[in-house]
Amino acid sequence: MAEPAATKAANEREAMGEKGGGGRGKRLLLGRFEVGKLLGSGTFAKVYVGRNVRTDELVAIKALDKESILKGGLVAHIKREISILRRVRHPYIVELFEVMATKTKIYFIMEFVGGGELFSVVSKGRLCEDTGRRYFQQLISAVAFCHARGVYHRDLKPENLLLDEKGDLKVSDFGLSAVANQIRSDGLFHTFCGTPAYVAPEVLSQRGYDGARVDIWSCGVILFLLMAGHLPFYDRSVVAMYRKIYSGVFRCPRWFSQELTDLLHRLLDVNPQTRITIPEIMENSWFKKGFRHVRFYIEDNELHSIAEPEEDGRSQNDHESGSESDCSVASCPASFSDDHREPLGLPRPPSLTAFDIISFSEGFDLSGLFEETGEMTRFLSKEPAPKIVAKLEEIANVAGFKVRGKDCRVFLEGTREGEKGPLTICVEIYELTPSMVVVEVKKKAGDEKEYEEFCINELKPGLKHLMCESPPVSKTTASIG
C-alpha cells in the first residue's frame, strides 16, 4: 500500500535529517544534490542521504577521498567497482545513477534504499519460513544475474543486503567484487577476501577458488541465519570459527523442514565441486514455492519491471503466498508475446517530419535512409506495418527469440545470457508517405558480434523481400545567379 503523501514527506524529511518542512541551509553538491545526514562511513568513503533538487527524489551519496584512494593504490579498484555497478542493473541490486567528481572527492550518486539492512531485521530473531524464503529467492535472483555477467560479489552478508520501502531486497557494496577477467591461468581467483563468518572453506585453503561457488556458500550461510536466527558456524575466536567452517559440520534446528535441511546441506557443502549450483537451486522444490518471475527492461536509461503472467499449473498456496522474485531478464517492454498472441491491431505508424528526414539524410540525398552502422540498420519498405511485424515474429520464432512490442516499436529478445545480457534488438517503423515506411533496426543490449551474426544470418535474409532497393544517388550542384 502506498504511503499517504504527508507520511511520505515526513519520512523523507527524517531521512534527510530535517525536523521542519524544508532543507534550507543544507550543502548543495555541484548545484544538483542537497546533502543530508550521514548514513555511514568507512576507511575511504562516507555515505550520505541526498535529494535531487531537480526531481525532489532521495538518493544515497557515497563520497570518496581522492588523496586516500591514490595513497592506497585503489584507482583501479574504484574504476572496476564503477564498471561492475553499471553492468549489473537489476531490480534487486542497488543502482548507480552517476559518478561525479571535484578536485578532492569522487561521488557515487546511488539509489536510496530506505528500509535499512536485512541484518537489522534478523538481529531481532529468526524469520518465518515464507519471509525468509522470499528474501532468499530475491538474493539468488540477483546473484544469478551477476554471475551471468561475469561478476562475483565475494562479500555477501546481511549487512550488504538492504530492504526498500516495499520490503524487497537490494544487494549493495560491490567493493570486493571481481570480474571474470581477473581469473588466473588456473581458472580460479586467489585474493583472500570476505567476512569471516560467511567465507567459504576453499577461500581459507588459499589454493584458489571459483567465484560463483563462493557466493553460493555465502548465500547458504545467509539462508541459515534467516531461518535459525543464528549462524551455522560461529566462535568468538576467529581461528576456531575457521576450523568449524573448514570442517563444514553444522546442526539444523528441529523446526527446519526436511526440504530446507536438505537444501542447506547442499549449499554448505565443503566440496565446491559437489556444491549445489544456481540452476539447481532454481529447480529445488523448497526454493520454488511461491516463486514468480519478475522480468525487467532498461529503456531511456531507466529500469522498468514487467510482471510475468500467472502460470497455469500454480497451486493455491503459491497464489496465496504472493512472493515475487526474478531469475529471468528481459530488455524490452511487454505488449504482446508469442505465447499468448492476440490480434495486433497495430495503429498507423508515426509519421516522419521534415526534421526527421533531414536528420537521416544529407539535404535531399535519400541514401541516408538506407544507412547501416555497427549497431543500427535502416531501410525503406512499401509493406504495411502489420505485415512487417508478422515477419519479425516469424523470424524470432525460428531463431528462438521472444517478441515484445508496443504500437510500431517491436523488440526481439534472445534467451542466451552473456556478460552484456541477452541480445535485444529494437525495430521501429515510421511512416514516410502513405505507401512507404522507414524501418529502423538497432541493438539495444547484448554482444555486438552476436548482433551482427543474427542480422546477417537471420534478420536480413528474412526481411529482404520487404525492402525497397536503394535509389541511385544523383549529386548535382546548383549555381546561383
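The values are calculated or read from the model by the stated rules, or taken from the named source; none is laboratory data. This structure is a prediction, so every number in the text was calculated from the model and none was measured. Quick reminder, even Gly has a Cβ in these numbers, built from the backbone with ideal geometry, and neighbours come from all protein chains shown.
Looking for something free of Cβ contacts under 8 Å to residues at least 60 places away in the same chain, within 24 Å of L263 (Cβ to Cβ) and assigned to a helix (DSSP H, G or I) - is there at least one such residue anywhere in region 162-176?
no
Among the residues of region 147-161, which ones are closer than 15 Å to R213 by Cα and assigned to a helix (DSSP H, G or I)?
The answer is H147, A148.
If a residue counts only when it is under 22 Å from the mean Cα position of the chain (by Cα) and surrounded by fewer than 16 Cβ atoms within 10 Å (Cβ to Cβ), which helices (runs of 4 or more DSSP H) contained entirely in region 65-146 have at least 1 such residues? Outline the logic, then answer.
On the way: elements: 66-71, 75-87, 118-122.
Filter on region 65-146 gives 75-87.
What number goes with the only condition from (1) surrounded by 15 or more Cβ atoms within 10 Å (Cβ to Cβ); (2) at pLDDT below 95; (3) under 30 Å from S41 (Cβ atoms) that W217 does not pass?
(2)
Hey, does region 274-283 have a residue that's under 22 Å from D130 (Cα atoms), in contact with a Gly (Cβ under 7 Å, 6 or more places away or on another chain) and in a helix (DSSP H, G or I)?
no
Of all residues in region 105-159, how many are in contact with a strand residue (DSSP E or B) (Cβ under 8 Å, 6 or more places away or on another chain) and not acidic (D, E)?
Taking region 105-159 and keeping what is in contact with a strand residue (DSSP E or B) (Cβ under 8 Å, 6 or more places away or on another chain), we get 105-119, 121, 134-135, 137-143, 145-146, 150-154, 156, 158-159.
Cutting the leftovers down to not acidic (D, E) gives us 105-110, 112-116, 118-119, 121, 134-135, 137-143, 145-146, 150-154, 156, 158.
Count: 32.
Which one of V214, V179, V221, V270 is touching a residue at least 40 places away in the same chain (Cβ under 8 Å), over 30 Å from I78 (Cα atoms) and under 30 Å from the mean Cα position of the chain (by Cα)? Steps first, answer last, please.
Details: V214 fails: over 30 Å from I78 (Cα atoms); V179 fails: over 30 Å from I78 (Cα atoms); V221 fails: over 30 Å from I78 (Cα atoms).
Just one listed residue meets the conditions, V270.
So, in region 422-443, how many residues would count as being part of a loop (DSSP other than H, G, I, E, B) and either modelled with pLDDT of 85 or more or under 20 Å from C455 (Cβ atoms) (or both)?
Just the residues of region 422-443 that are part of a loop (DSSP other than H, G, I, E, B), to begin with: 422-423, 434-435.
Restricting the remaining residues to those that are either modelled with pLDDT of 85 or more or under 20 Å from C455 (Cβ atoms) (or both) gives 422-423.
Total satisfying the criteria: 2.
Among the residues that make up region 199-207, is at least one of them over 16 Å from R275 (Cα atoms) and crowded, with 20+ Cβ neighbours inside 10 Å?
The initial filter retains those residues of region 199-207 that are over 16 Å from R275 (Cα atoms), namely 204-207.
Narrowing the set further to residues that are crowded, with 20+ Cβ neighbours inside 10 Å leaves none.
No, because not a single residue in region 199-207 is over 16 Å from R275 (Cα atoms) and crowded, with 20+ Cβ neighbours inside 10 Å.
Got a number for residues in region 177-186 being assigned to a loop (DSSP other than H, G, I, E, B) and surrounded by 14 or more Cβ atoms within 10 Å (Cβ to Cβ)? Before you say what the answer is, go through the steps one by one.
Going residue by residue through region 177-186, those that are assigned to a loop (DSSP other than H, G, I, E, B) are 177, 183-186.
Add one more test, that the residue is surrounded by 14 or more Cβ atoms within 10 Å (Cβ to Cβ), and what stays is 177, 183.
Result for region 177-186: 2.
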